[in-house]
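One structure is given here, and the rest of the page talks about it.
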Amino acid sequence: MAKYCSSCGKEISEGIKFCPSCGKAVISEALSPVQAQTVQISPQIKNPGIAAILSFFIAGAGHIYNGQIGTGLFILFCVIIFSIIAIIYGNTLLLIAATIMWITSIYESYTTSQKINRGEIKV
Ligand SMILES: [Zn+2]
């Protein structure tokens with residue numbers, strides 16, 4: 001990764017303390033205390049889009065991605081069991097229940113990752 005002098009803008013090599021061009025002290029952005037603190041405050045940045053897409057393909061996968069592994073596995077288990085029973089017995093009601101659960105999980109994993117990013121919930 002190339003670094004640039006914060007005062008003159010000239011490209012400088014990694015690890016040096018002073019800019020060879022203008023002589024000013026080099027401020028390392030990667031190690032600045034403000035940035036290090038920001039990383040510590042919000043360590044979980046979840047992508048709501050990814051969570052929703054995962055849930056779309058595998059029910060509960062978005063929850064697992066969000067760190068709600070128990071909830072995710074529960075949704076996946078229920079959707080699979082409901083679907084199997086619905087297909088075997090031709091039970092439309094169970095198939096509807098599985099579909100609702102699946103759609104809800106897509107929506108929920110999306111909003112959950114937004115809440116995680118805002119710090120509203122911790123997982
Ligand atoms: Zn410089």
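Bear in mind that the values in this text are calculations on the coordinates, not laboratory data. Because the structure is a prediction, the values reported are computed rather than measured. Glycine also receives a Cβ, built like all others from the backbone with ideal geometry; neighbour counts cover every protein chain displayed.
Give me the Debye-computed log₁₀ of I(q)/I(0) at q = 0.11, 0.17, 0.18, 0.20 Å⁻¹ for segment 48-118, equal point scatterers on Cα only, no solvent, two decimals.
-0.25, -0.55, -0.60, -0.70
Between residue 18 and residue 88, what is 0.36 nm times their sequence separation minus the Cα-Cα distance? Round to one decimal in nm. Mind dumping the intermediate values first?
Working: separation 70, 0.36 × 70 = 25.20 nm, distance 7.32 nm.
My answer for the length gained is 17.9 nm.
Residue 3's amide H: which non-local residues (gap 5+, or another chain) put their own amide H closer than 5 Å, with H modeled 1.01 Å from N in plane and none for Pro or chain starts?
12
Full extension from residue 96 to residue 81: what is 0.36 nm times the residue separation minus their Cα-Cα distance, to one decimal in nm?
Values: separation 15, 0.36 × 15 = 5.40 nm, distance 1.29 nm.
Here the segment from residue 96 to residue 81 would lengthen by 4.1 nm.
Do any trypsin sites (Lys or Arg not before Pro) in segment 52-123 lie in a DSSP loop with no more than 11 other beta carbon atoms within 10 Å, and if so, which?
122
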